[in-house]
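What follows is a short report on a single structure.
The values are calculated or read from the model by the stated rules, or taken from the named source; none is laboratory data. Not measured: the values here are computed from a predicted model. Positions of Cβ are backbone-derived with ideal geometry, glycine not excepted, and every protein chain shown enters the neighbour counts.
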Amino acid sequence: MGVSLKLDPGESLLIAGESGIGKSSLVRAVAGLWRNGAGEIRRPSGLHTFFIAQRPYMCIGSLREQLLYPEAEEPDQNRDEALRAALREVGLEQLLQSPGLDAAQDDDSAPE
């Protein structure tokens, strides 16, 4: 089964349908979260795309890496303080408890 679509800058797309038809799989592939399979997906460079998943999704890695995704940077004291401030700002300060930004997610699913 092939899928072909093109969105011009500023356009939005709602993907809807019955459970189990592959909506989430399609979005994960387009977002680059799933890299298995065949075909071609072209996205704008940078951070110009956004999607809201049906279920929370966390990649493997630390809380710091989750917050900085898709950037892959080493820990930096000034940036880490900005991350802490952002978590406090949105009411997620409980995530800063030990081990804080170094807390690791060890599989490709969100915590229950």
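How many residues, within region 71-112, are small (G, A, S) and modelled with pLDDT under 85?
7
Contact list please: Cβ distance under 7 Å, first residue in region 32-59 and within 21 Å of S19 (Cα to Cα), second residue of a type outside the set (A, V, I, L, M, F, W, C) and modelled with pLDDT under 70, pairs at least six apart or on different chains.
Pairs found: L33/Y57.
I52: among the β-branched types (V, I, T) and modelled with pLDDT of 70 or more, yes or no?
No.
Just checking, how many residues over region 7-31 are closer than 12 Å to I41 by Cβ and among the basic types (K, R)?
Result for region 7-31: 1.
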